[in-house]
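To keep things clear, I will list the structure first and then write my remarks on it.
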Amino acid sequence: MGAHVRRAPVAYSAIAVVIATGAVACGGSDSGSSGGSGAAAGAKQTVNVTITSKACTPDVSTIPSGPTIFKVVNKGADAVTEAELVDGDTIIGEKENITPGLSGTFSLNVKAGKYQLYCPGADTEKVDFTVTQAAGSAPAATHSAEVTTALTTATTGYATYVRQQVADLVTSTGALVTAVKAGDLDRAATLYAAPRLAYERIEPVAESFGDLDPAIDARIDDAPDAASWTGFHRLEKAIFADRSLAGTGPIADKLNTDVGKLNTLVAKTTFQPAQIANGATTLLDEVGKTKITGEEERYSKLDLVDIQGNVEGANKAFTLLEPALKSLDPKLASTVRTRFTAMDKALAPYKEGTGYVSYDKVTQDQRRGLSQAVDALAEPLSQVAGVVVS
């Protein structure tokens with residue numbers, strides 16, 4: 001998975017299941033107010049968060065409950081590249097890969113409570129942040145009935161999509177595990193790509209369940225030590241680099257079990273519209289951070305399969321939100337759709353049969369071209385969550 005810094009397990013991430021913190025009805029107008037204290041009930045508000053090496057500091061420490069856009073900017077902190085809103089060990093929302101000079105956003109619908117802004121690696125990693133109950137009664141929905149229905153359809157449709165992808169993941173992982181335990185290297189190599197594609201389509205959802213994603217998808221760089229390293233990439237090394245499956249039976253069995261746990265967890269998962277959009281942005285960030293560089297599939301060289309999965313997952317999320325977005329911001333909807341088309345065209349030359357060429361055949365100039373297509377798509381896609389937060 002690559003983008004997450006490994007630390008103590010947490011319960012949920014930016015595309016997490018809707019818990020009490022975020023579960024509210026669709027509604028809210030785009031007030032664009034900075035700071036929370038003056039925002040009307042139900043209006044979107046903005047919190048500006050500045051990352052430095054010392055801490056991540058919000059421009060306000062208290063806001064009323066409701067739809068909120070967190071704008072994060074990194075001012076010179078090389079070792080601090082993400083900001084999270086956390087409730088204890090639970091990540092409510094986050095923005096990663098904010099290197100010095102860059103900025104980004106995440107959007108959420110937050111309820112009253114005591115939280116912290118968490119920037120791993122800062123001198124002061126956690127800063128208290130409070131959400132008060134917005135004054136007045138619950139806000140009336142300001143979206144049209146058509147938009148509200150479209151957003152509801154998107155959330156149920158995305159939950160269905162995630163469950164289907166994980167069901168496919170269970171099946172394809174089971175086949176891979178069978179080949180590994182039978183000692184069939186060639187068959188294991190052939191079967192490795194299918195579960196990777198399914199997993200990469202819903203990667204941010206998998207990341208939401210604490211230490212389950214590290215168990216399934218950690219690279220050797222992310223593991224505390226080689227002895228505790230498990231998951232797909234541990235098997236990838238055995239299949240493609242070591243060319244030996246000796247001793248990998250327990251690793252394969254654990255992977256099968258962990259994927260089964262993921263299947264159980266997603267059966268109960270629901271989503272906010274903004275969380276779906278945040279997740280789509282995270283998938284594009286994953287491409288830019290670890291897929292384009294070739295870090296993710298360093299032994300199998302199947303990085304283009306992972307890129308395909310990330311792009312397809314992001315496209316599905318956007319497609320589900322697209323009907324509502326066409327009403328809320330038709331220009332943005334058109335721009336994102338055009339960029340997805342361009343991204344597909346950028347990947348097309350590397351297709352080979354039913355898959356893709358080995359990534360070591362893709363030159364540095366070609367990788368830069370792919371990176372440019374990803375960046376061009378990621379920028380407008382990152383704006384969608386702020387429009388649909390409700």
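The values are calculated or read from the model by the stated rules, or taken from the named source; none is laboratory data. Here the structure is a predicted model, which means the values were calculated and not measured. Every residue, glycine as well, gets a Cβ built from its backbone with ideal geometry; the counts of neighbours run over all protein chains shown. What goes into the accessible areas is simple: the full protein's heavy atoms, side chains included, and nothing from ligands, DNA or RNA. Shrake-Rupley method; radii C 1.70, N 1.55, O 1.52, S 1.80 Å.
From the list E322, E379, the one residue that fits, being at pLDDT below 95 and of a type in the set (D, E), is E379. Listed by first and then second residue, the pairs with beta-carbon distance under 6 Å, at least 6 apart or on different chains, first residue in the range 180-199 and at positive phi, second modelled with pLDDT of 95 or more, are G183/L245. Per the listing T319, T293, the residue uniquely farther than 23 Å from T148 by Cβ, of a type in the set (S, T, Y) and open to solvent by 10 Å² or more (accessible area, probe 1.4 Å) is T293.
Looking only at residues in the range 352-390 that are of a type in the set (S, T, Y) and open to solvent by less than 10 Å² (accessible area, probe 1.4 Å), the one that is farthest from L320 (Cα to Cα) is Y359.
Return the residues of the range 336-378 that are polar (S, T, N, Q) and within 20 Å of E297 (Cβ to Cβ); say none if nothing qualifies.
Initial filter on the range 336-378 (polar (S, T, N, Q)): 338, 341, 354, 358, 363-364, 366, 371-372.
The answer is T354, S358, T363, Q364, Q366, S371.
With respect to (1) in contact (Cβ under 8 Å) with a residue 60 or more places away in the chain; (2) more than 17 Å from K44 (Cβ to Cβ); (3) small (G, A, S); (4) open to solvent by 30 Å² or more (accessible area, probe 1.4 Å), the lone exception for A79 is condition (1).
Checking each residue in the range 252-283 for being of a type in the set (S, T, Y) and either touching a Cys at 6+ places or on another chain (Cβ under 9 Å) or open to solvent by 10 Å² or more (accessible area, probe 1.4 Å) (or both) picks out T257, T264, T270, T281, T282.
The single condition among (1) surrounded by fewer than 21 Cβ atoms within 10 Å (Cβ to Cβ); (2) touching a strand residue (DSSP E or B) at 6+ places or on another chain (Cβ under 9 Å); (3) in contact (Cβ under 8 Å) with a residue 60 or more places away in the chain that E96 does not meet is (1).
Do any strands (runs of 3 or more DSSP E) entirely within the range 65-173 hold 1 or more residues that are under 17 Å from the mean Cα position of the chain (by Cα) and within 30 Å of V259 (Cα to Cα), and if so, which? Even if it seems obvious, please write down each step before you answer.
On the way: elements: 66-74, 83-87, 90-95, 103-110, 113-118, 126-132.
By residue number, 83-87, 90-95, 103-110.
For the range 235-251, the condition holds for at least one residue, the condition being that it is closer than 17 Å to D184 by Cβ, in a loop (DSSP other than H, G, I, E, B) and open to solvent by less than 10 Å² (accessible area, probe 1.4 Å). Every test in (1) charged (D, E, K, R); (2) touching a Ser or Thr at 6+ places or on another chain (Cβ under 9 Å); (3) over 18 Å from Q275 (Cβ atoms) is passed by K95 save one, and that test is (3).
The number of residues in the range 296-316 that are part of a helix (DSSP H, G or I), in contact (Cβ under 8 Å) with a residue 40 or more places away in the chain and either under 26 Å from S144 (Cα atoms) or open to solvent by 10 Å² or more (accessible area, probe 1.4 Å) (or both) comes to 5. Count of the range 176-211 residues, restricted to those that are surrounded by fewer than 18 Cβ atoms within 10 Å (Cβ to Cβ) and either in contact with a Cys (Cβ under 8 Å, 6 or more places away or on another chain) or at pLDDT below 95 (or both), is 1.
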